[in-house]
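Report on the following structure.
The values are calculated or read from the model by the stated rules, or taken from the named source; none is laboratory data. Owing to the predicted nature of the structure, the values given are computational and were not obtained by experimental measurement. Neighbour counts are summed over all protein chains in view; Cβ atoms, including those assigned to glycine, are modelled from backbone coordinates with ideal geometry.
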Amino acid sequence: MRLSMQQSTVPLSVVSSGERVKVSGIAGGANARKKLLDLGIRPGEMIEVISGHKNHPFLVRVGDSRVMIGWGMVEKVLVDQN
Amino acid sequence: MSEGIETKQRVIAVAGNPNSGKTTLFNGLSGGAERIGNWPGVTVEKKVGSFIMSEGSKCELVDLPGIYSLSASSEDERVARDYLLSGSADLVVNILDANNLERNLYLTVQLLELGQPIILAVNMMDLARKNNISIDLEALEKSLGVPVVGISAVENKDVKQLSARIERYLSQLESEATRERGPALKLAVPVRPVFVQYPNEIEDVVEDWIGKLKEFPVGLEGIERWIALKVLEQDPWITKQVTDGGFLDAREVQNALSRIESLLKQPADLVIADYRYGFVHAVVGRVIRRHTTRRSRTDMADTVVMNRVLGVPIFLGIMYAVFWITMHIGGAFIDFFDILFGGIFVEGAAILFENIGSPVWLKVLVADGVGAGIVTVSTFIPFVFMMFLVLSILEDSGYMARAAFVMDRFMRWLGLPGKSFVPLMVGFGCTVPAVLATKTLESNKDRIMTIFLSPLMSCSAKLPVYVLFAAAFFQRNSGGIIFSLYLAGIILAILTGLLLKHTLFPGDPSSFVMELPPYHSPRLRHVMRHTWIRLKEFLMRAGLIIIIAVSILGFLSSIGVPGGNQKDAAAETAVVDGVKTGVTESTQADVDADYSTGGASVLEQIGKGVSPVFRPMGVEEGNWPAAVALFTGIFAKEAIIGTLSGMYGQMLGEDGSALAEGDEEGVFRPGALFFRAVRSVSEALSGLGSSLADPVGAQAAGEEARRENTSLLKKGFTSPVQAYAYLLFVLIYFPCVASFAAILKESGPRYAWLQAGYLTLLGWIVAVVFYQLAEGGSVFWIGVALALTLGIILLFRFLGKRWNRAELT
């Protein structure tokens with residue numbers, strides 16, 4: 001939806017530490033989606049990956065809060081990468 | 001107030017996000033007086049207090065669990081939402097964190113959609129100012145149409161200001177309701193504005209459904225719109241109610257959902273959330289003036305604490321400190337409680353009963369039974385208090401959430417979230433606080449699984465038993481032998497975790513998303529209150545069971561002891577003076593004394609009856625006291641030592657207890673008693689410096705063991721292999737009554753009994769396989785053990801399929 005020419009949609013799991021990306025969608029079931037939405041991880045929101053390593057939980061900044069996302073869920077967050 | 005209103009007490013509920021300062025505000029509003037209970041049917045804590053109005057009348061104040069939204073996916077959320085839906089609350093105080101207004105308002109919007117009268121308390125305004133966030137509270141009030149008060153919940157004057165506003169708003173609602181409908185029972189206004197306008201595709205469905213949902217039975221009136229939206233959000237509980245009740249057809253719901261998704265290219269729940277956030281975003285844009293993101297101290301601390309390399313060592317270091325403080329600082333006060341309570345309830349009671357000339361059986365029952373039970377409970381106090389205190393400090397400081405991050409990878413392999421590591425670590429001190437610490441876990445499944453593993457973390461009460469046996473059978477290698485038992489426990493815990501993951505609780509650990517709260521220095525009042533509440537709960541629940549059980553034990557072991565009261569008292573006095581690390585020795589003293597006085601008690605008969613069961617693990621026919629000791633060990637693990645030494649001594653025809661040499665005074669002197677109790681604390685604390693490298697207190701336990709006549713053990717166990725097999729069983733089998741009481745309460749009877757049975761059987765299997773492989777050489781018994789193992793796996797698999805897993809999510 002919000003794709004421009006040089007952007008591509010990727011799962012959050014491939015984003016490396018320090019990058020700022022825009023959430024474009026959430027895959028997975030309603031329950032997982034609900035938990036993410038509750039903490040402000042929603043399409044259109046800019047998030048910053050503070051710490052992100054394979055098989056570990058990701059630490060991201062959303063607005064003014066820091067949110068930890070378990071590895072299983074990291075793959076369900078879709079983001080636009082420049 | 002009008003007459004009709006006085007008959008019904010108004011109810012105020014406090015709702016808000018986790019970490020928004022809700023508990024502090026609740027305490028401030030209630031003035032500290034609160035009752036703790038459980039919400040019906042769940043183990044979620046329910047706190048109720050009173051809100052006292054200026055003219056003296058009271059409102060009930062209910063603390064709802066911290067939630068992010070009204071879509072219930074956890075037990076906490078369901079409890080909070082069901083309470084709000086029931087319409088029991090007349091007013092909701094919604095607390096928000098000023099530093100994270102946007103996310104916090106997401107819940108507010110949902111509360112507003114519910115049509116509850118609410119008042120907003122924007123908390124941590126002082127911190128927001130420091131962070132250069134300026135919030136226009138008046139604009140917020142205008143945007144949402146509800147009263148808004150900016151506060152810092154730790155400031156008394158702010159809480160007072162909020163209280164006044166709540167009062168004013170309540171009376172305003174009261175008079176509005178009275179004007180419209182006469183003296184009213186409900187304050188809620190039936191017609192509500194639509195707060196968020198959703199896209200037409202959604203609004204059309206909602207409008208269609210509102211008509212069908214008119215009869216939907218909920219406490220709150222006029223929330224058909226809200227219910228319809230919840231169904232579109234795929235809320236499982238609401239959807240089930242609506243379709244089961246025949247208000248909507250399941251297929252109709254499904255069709256609407258897929259139609260919306262194909263039209264809007266997004267699932268309905270995402271669209272609804274997006275619109276709510278859009279609404280919030282617009283409000284925040286009008287309300288927040290200046291806003292700079294800064295790199296806080298929390299961020300800097302996190303780069304170290306959550307570092308990939310440093311994180312694990314830091315975590316282990318902190319856990320070591322938790323452990324050390326509990327065992328040594330807490331442990332230093334055990335003798336204090338033992339001497340003081342023992343002096344009053346056992347010695348004192350015995351002397352009192354003798355002086356008034358009551359029959360011996362009554363004296364035995366009250367002093368040695370109930371009295372000893374009270375002493376046992378009292379000696380748990382310092383451990384449990386310290387453990388809770390340190391854990392509360394860690395939790396309040398914000399570190400606990402980081403620990404979950406650090407240990408996540410390893411724990412996930414066991415099918416558990418990273419957070420579970422903390423209660424397991426606590427288990428090395430004592431299983432009781434370990435079980436209670438599982439409350440911090442999110443899902444029921446994670447909680448029950450962690451509780452299953454926690455008794456395998458060898459607790460401090462088992463240590464004296466190991467030390468005693470190691471000294472008798474493995475002189476030079478005793479350190480290694482003890483360590484191997486701890487290791488065996490950890491390995492079995494890992495195997496049990498894997499077993500549970502693949503049978504009873506299949507599937508990945510609940511994949512989590514959690515907010516990391518900012519660090520702050522622990523607030524003493526908050527921490528102490530938290531600790532006190534937990535301790536009180538432990539004393540009430542577990543305490544009662546321990547007292548009853550120890551009383552029964554004392555009674556059973558006393559039957560067949562004709563008038564041996566002098567020795568009883570002497571043994572108790574002697575034991576009470578001793579150095580020890582475990583929980584209590586009054587149980588042990590009972591047993592020592594009773595067995596030293598001769599006569600076949602009921603306990604002895606039980607021992608002889610069950611001892612054949614333990615023969616395959618090397619407990620020989622003449623060694624029936626070992627079986628009795630396992631029985632008394634269920635009441636308190638360290639009672640095993642006392643039982644064994646007492647009974648072997650008796651078998652040898654000696655006077656038995658080497659302990660029974662104390663000063664029997666026959667007079668009750670409270671002053672001296674208290675002095676002795678205080679001295680025990682200073683003695684224990686003076687040895688702290690040398691104990692840094694000894695978190696479990698092996699040194700002190702060794703001293704205790706040396707005081708026992710270890711050669712007696714060799715009368716019962718004829719080889720080191722027999723002794724080791726016995727220790728393996730002691731490590732694993734049935735948790736002590738105190739732990740079991742806690743498990744029963746946290747896991748419920750079904751899982752508690754399954755766990756106790758599993759542990760006992762596992763203990764038998766491990767001990768038998770070890771003994772038969774190392775010495776016995778019986779293929780038959782190894783075969784039986786393996787068959788039982790297979791049996792366990794099949795049973796767990798069967799139960800995993802059968803038991804309702806929905807309740808575990």
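Criterion first (in the same structural domain as residue B:14 (by TED's automatic domain parsing), of a type in the set (Gly, Ala, Ser) and farther than 22 Å from residue B:46 by Cβ) does residue B:139 satisfy it?
Criteria met by residue B:139.
Looking at the stretch B:320-349, I want the residues that are touching a residue at least 40 places away in the same chain (Cβ under 8 Å) and have a partner that is basic (Lys, Arg) and not in a helix (DSSP H, G or I) with Cβ atoms under 8 Å, at least 6 apart or on another chain. Which pairs are those?
Note: pairs meeting the criteria are B:334/B:580; B:335/B:580.
Looking at (1) touching a residue at least 40 places away in the same chain (Cβ under 8 Å); (2) at positive phi, which is the one condition that is false for residue B:777?
(1)
Need at least 1 residues that are more than 20 Å from residue A:36 (Cα to Cα), within 10 Å of another protein chain (Cβ to nearest Cβ) and of a type in the set (D, E, K, R) per element, so show me which helices (runs of 4 or more DSSP H) inside the stretch B:205-308 make the cut, counting only ones lying wholly within it.
Helices (runs of 4 or more DSSP H) meeting the threshold: B:297-305.
Does the stretch B:76-93 hold any residues that are away from chain A (no Cβ under 14 Å), part of a helix (DSSP H, G or I) and touching a residue at least 24 places away in the same chain (Cβ under 8 Å), and which are they?
The answer is B:79, B:83, B:84, B:85.
Have a look at A:68, A:73 and point out the one that is within 7 Å of chain B (Cβ to nearest Cβ) and out of contact with any Leu (no Cβ under 6 Å at 6 or more places or on another chain).
Of the residues listed, the single one that is within 7 Å of chain B (Cβ to nearest Cβ) and out of contact with any Leu (no Cβ under 6 Å at 6 or more places or on another chain) is A:73.
Which of the numbered conditions does residue A:31 fail, given that it passes all the others? Conditions: (1) without any contact (Cβ under 8 Å) to a residue 60 or more places away in the chain; (2) crowded, with 21+ Cβ neighbours inside 10 Å; (3) of a type outside the set (Asp, Glu).
Failing condition for residue A:31: (2).
Among B:793, B:782, which is the only one that is more than 30 Å from residue B:717 (Cα to Cα) and either part of a helix (DSSP H, G or I) or of a type outside the set (D, E, K, R) (or both)?
Just one listed residue meets the conditions, B:793.
Hey, does the stretch B:470-480 have a residue that's at pLDDT 80 or above and under 22 Å from residue B:734 (Cβ atoms)?
So far as the stretch B:470-480 goes, no, none of its residues is at pLDDT 80 or above and under 22 Å from residue B:734 (Cβ atoms).
Residue B:96: among the hydrophobic types (A, V, I, L, M, F, W, C) and either within 14 Å of chain A (Cβ to nearest Cβ) or in contact (Cβ under 8 Å) with a residue 60 or more places away in the chain (or both), yes or no?
Answer is yes for this residue.
Name the single residue, out of those in the stretch A:12-46 being of a type outside the set (A, V, I, L, M, F, W, C), in a loop (DSSP other than H, G, I, E, B) and closer than 14 Å to residue A:60 by Cβ, that is farthest from the other protein chains (Cβ to nearest Cβ).
Checked the stretch A:12-46; the qualifying residue farthest from the other protein chains (Cβ to nearest Cβ) is A:19.
To keep it simple, each residue is scored yes or no on (1) farther than 19 Å from residue B:492 by Cβ; (2) small (Gly, Ala, Ser).
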| position | (1), (2) |
| --- | --- |
| B:720 | yes, no |
| B:740 | no, no |
| B:778 | yes, yes |
| B:791 | no, yes |
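Among the residues of the stretch B:197-252, what is the count of those that are among the charged types (D, E, K, R) and under 24 Å from residue A:31 (Cα atoms)?
Total meeting the criteria: 12.
Condition check: assigned by TED's automatic domain parsing to the domain that holds residue B:484, over 22 Å from residue B:487 (Cβ atoms) and in contact (Cβ under 8 Å) with a residue 12 or more places away in the chain. Does residue B:737 satisfy that?
yes
Which residue, of B:333, B:345, is away from chain A (no Cβ under 14 Å), in contact with a Gly (Cβ under 7 Å, 6 or more places away or on another chain) and surrounded by fewer than 22 Cβ atoms within 10 Å (Cβ to Cβ)?
Result: B:345 is the single residue among B:333, B:345 that is away from chain A (no Cβ under 14 Å), in contact with a Gly (Cβ under 7 Å, 6 or more places away or on another chain) and surrounded by fewer than 22 Cβ atoms within 10 Å (Cβ to Cβ).
Can you pull out the residues in the stretch B:511-529 that are facing chain A (nearest Cβ under 9 Å), among the aliphatic types (A, V, I, L, M) and in contact (Cβ under 8 Å) with a residue 24 or more places away in the chain?
Scanning the stretch B:511-529 gives B:514, B:516.
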